[in-house]
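Working notes, beginning with the structure itself.
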Amino acid sequence: MTEIDTSVPHSARIWNYWLGGKDNYPVDEAAGDAYTAVFPGIVTIARSSRAFLGRSIRYLVEEAGVRQFLDVGTGLPTVDNTHEVAQRFAPESKIVYVDNDPLVLAHARALLTSTPEGATSYEDLTLYEPEKVLQAASRTLDLSRPTALILSGILGHVTDYDLARDLVRRLVAGLPSGSYLCVNDGSRGTDPDYEQAQDAYNETGAVPYLLRPVDKIEAFFEGLELVDPGVVSVPLWRPDGDATPAPIGQHGGVGRKS
């Protein structure tokens, strides 16, 4: 297994730190604190992204009737992971997590818990090998039945936009009619301070994460039927309660394959 390098900050561990998790190192905390000093709103973005994931999975289970989930680019386990939300509302749900980060792999046991009625598995693969991902997922999921593909905060790491769209197309192509795509990623056009902070972070030599205009995030859903309200700033996607949240530089949506 690849050794975990604790001398350089890592985006998954920094994200974990912002979410209040414990699976990070002093170098990640320092990088996270440096980022929040420039843009304190990043913690809100991280937590709003997580909350969107929870609401979208609840929609998929309770309203769309989905019982299978393929979560690619899982990241580190914190609270309300995909399997926890799905199995809370439908204990028979089956979830496959995909990531190739050695720290995530080291914590896979935390992800591999499941209800007795359902199943949870972990595959050590990357987004860049979609056919292998689908083949591995088929060991746990029945890919002749509707499945929700979760891509949460991962596509911004694919710096070539045409490649990112191709990877999404190839994954969706392997799923049957009635399946869903759920995407949320950092966006441009809402929060200039976030854009400036992220651009500066990308220039440090860390693994870059690109914020994209909303229309480019919408294009990941090409050929799919968008679930109302479409691709919106994540706090505005079917929010809980009556209040209208403020938009942030993170957009997401859910689309159905007909």
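A few comments on the model shown:
- Net length available on complete extension from residue 7 to residue 165 is 53.6 nm, with 0.36 nm assigned per residue and the Cα-Cα distance removed.
- Within the stretch 174-193: backbone nitrogen closer than 20 Å to the residue 132 label point (7 Å, Cα to C-beta): 174-175
- Restricting the trypsin sites (Lys or Arg not before Pro) of the stretch 103-160 to loop positions (DSSP other than H, G, I, E, B) with no more than 13 neighbouring Cβ atoms within 10 Å leaves 139.
- Length-normalised contact order of the stretch 1-138 in % [C-alpha pairs under 8 Å, at least 6 apart]: 19 percent
- Full-extension gain in nm, residue 142 to residue 80, via 0.36 nm per residue minus C-alpha separation: 19.9 nm
- The stretch 152-258, relative contact order [Cα under 8 Å, separation at least 6], %: 35 percent
- Treating each Cα of the stretch 141-217 as an identical point scatterer and summing with the Debye formula, the log10 of I(q)/I(0) at q = 0.25 Å⁻¹ comes to -1.17.
- Label selected from (1) 17.2, 48; (2) 23.6, 77; (3) 18.5, 56, the criterion being Rg and Dmax of the Cα atoms in Å as computed here: (1)
- Surface analysis of the chain yields an accessible area of 44 Å² per residue, using protein heavy atoms and a 1.4 Å probe.
- Alpha-carbon centroids, the stretch 193-258 and the stretch 99-145: separation in whole Å: 24 Å
- Residues considered: 13, 145, 58. Largest GNM mean-square fluctuation over the chain, using C-alpha springs under 10 Å, is found at 145.
- Ranking by accessible area, most exposed first, for 216, 22 with a 1.4 Å probe: 22, 216
- Computed from backbone phi with θ = phi - 60° and the Karplus coefficients 6.51, -1.76 and 1.60, the 3J(HN,Hα) list for the stretch 134-141 is 5, 5, 5, 4, 5, 6, 10, 9 Hz; x is used for glycine and proline.
- For the chain, the fraction of 1.4 Å probe accessible surface lying on carbon and sulfur atoms is 50 percent.
- Estimated FRET transfer efficiency (residue 30, residue 100; beta-carbon r; R0 22 Å; 0.05): 0.30
The values are calculated or read from the model by the stated rules, or taken from the named source; none is laboratory data. In this text, all values refer to a predicted model and were calculated from it rather than measured experimentally. With ideal geometry, Cβ positions are generated from the backbone for all residues, glycine too; neighbour counts draw on all protein chains shown. All accessible areas refer to the heavy atoms of the entire protein, side chains included, with ligands and DNA or RNA removed. Shrake-Rupley method; radii C 1.70, N 1.55, O 1.52, S 1.80 Å.
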